[in-house]
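The values are calculated or read from the model by the stated rules, or taken from the named source; none is laboratory data. Quantities reported herein were computed from a predicted structural model and do not represent experimental measurements. Cβ placement follows ideal geometry from the backbone for every residue including glycine, while neighbour counts extend to all protein chains displayed. SASA here: full protein model, heavy atoms, side chains in, ligands and nucleic acids out. Shrake-Rupley method; radii C 1.70, N 1.55, O 1.52, S 1.80 Å.
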Amino acid sequence: MHLPVPRGPLSADLVALLPAEPGSPVPQAPPEIDPLGDDLQLALHTCYELHYQGFRDVDPDWEWDSGLLGLRRDLERRFSDALRADVSGGHDVDAELDRLLTAPAAGGTPAWLRDQGTWEQVREYFVQRSIYHHKEADPVAWVIPRLRGRAKAALVAVEFDEFGGGHGDRIHARLYADLLRGAGLADGYLHYLDAVPAPMLTLVDMMSLFGLHRSLRGALVGHFAAVEISSSPASTVMVEALQRFSAHPDCVRFYAEHVTADAVHEQVVRRDVLADLLAREPELAESVVFGIQATDLLETRCTEATLSCWRAGDSSLRSEVR
């Protein structure tokens, strides 16, 4: 994967730095930078990617360079502070889960695509979600060594399904690559990163933030629960949307797989992962609530930004790279 196209002064300085030797002077973020904007989020995403697949012509030792870690920590603080400022917080995990379970299943972007969207908007949606689904289960894997007992065993069981049950061609990220090809799109890892606007970047960066910090293990589990609870209803709507367009079977297959799998996963995460985690560490309830609320917040921002563009007859992708 090549380094991304910069979106502002900070990401430009970072992209210019990384081909150099680790230990080179690292740029600092300006005080006024928007914590949810393109420049900071792309810079943070670039730092995080060093913990995943990395970049072509970038020394892997940048992953643990102390100067770069200092920059990343500064960006994380700004991002985390912005998230906490925009959610209500609290300790009532059951109330948050019940809210997700009783939320309307037919709203948001999938419903738009089913009821009035165009095929080009479906393809845009695939492009937007590609940077999420290419690493959907990866950040969650970081929490495994931070759990114990039944919570660990149950989360590993769900992750086993996400990673294809031992079959490479059934890994969910692979199924999404098949979906992209079926829609006539490029299936390469993060191929469309430069086209994806800031709201989707924030969602993916949030997953990495939660996964990389032991102190946020509760938030990561809360995020995972929110995803598993909301995925099955949304996937059902997407299947209906794709059937309206007579989409390629690989496009339908990805969402049909999530209709059944995530309905089971939701029960496992709530009954076995969350219940056991909070029985062992009840002080993590606030962190779990934060993870659920932050996920809901950022998913809502993605939906609102996308639908605002479509209602105006515009593309939801970044105009610089259309």
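A simple spin-label model places the labels of residue 98 and residue 2 5.3 nm from each other, with each point 7 Å out along Cα-to-Cβ.
Rounded to the nearest 500 deg cm²/dmol, what is the calculated helix-only ellipticity per residue at 222 nm for the chain, with -39500 (n - 2.57) per DSSP H run of length n ≥ 4?
Value at 222 nm, helices only: -20000 deg cm²/dmol.
Using a probe radius of 1.4 angstrom, the carbon and sulfur fraction of the accessible surface of segment 218-322 is 51%. Computed from the C-beta positions of residue 21 and residue 304, the FRET efficiency with R₀ = 45 Å rounds to 0.60. By definition, a body whose alpha carbon gyration tensor gives a ≥ b ≥ c is prolate when a/c is 1.5 or more and a/b is larger than b/c, and segment 9-85 fits this prolate description.
Stretched out straight at 0.36 nm per residue, the stretch from residue 263 to residue 66 would grow longer than its current Cα-Cα span by 66.7 nm.
Extension gain, residue 314 to residue 34, is 98.4 nm, computed as 0.36 nm per intervening residue step minus the present C-alpha separation. Look at where the Cα atoms of segment 185-254 and of segment 78-97 average out, and the two centres are 20 Å apart.
Using θ = phi - 60° in the Karplus curve 6.51 cos²θ - 1.76 cosθ + 1.60, the 3J(HN,Hα) couplings for segment 137-150 round to 8, 5, x, 5, 4, 5, 7, 4, x, 9, 10, 9, x, 5 Hz; x is entered for Gly and Pro. In a DSSP loop and with at most 13 other Cβ atoms within 10 Å, there are no trypsin sites (Lys or Arg not before Pro) in segment 57-133. Given the choices [x] 0.95; [y] 1.33; [z] 1.02, Rg/Rh (Cα atoms, Kirkwood Rh) derived from the coordinates of this structure is entry [x]. For segment 40-52, putting each phi into the Karplus relation 6.51 cos²θ - 1.76 cosθ + 1.60 with θ = phi - 60° gives couplings of 5, 5, 5, 4, 5, 4, 5, 4, 5, 4, 5, 8, 10 Hz, in residue order, rounded to whole numbers and with x for Gly and Pro.
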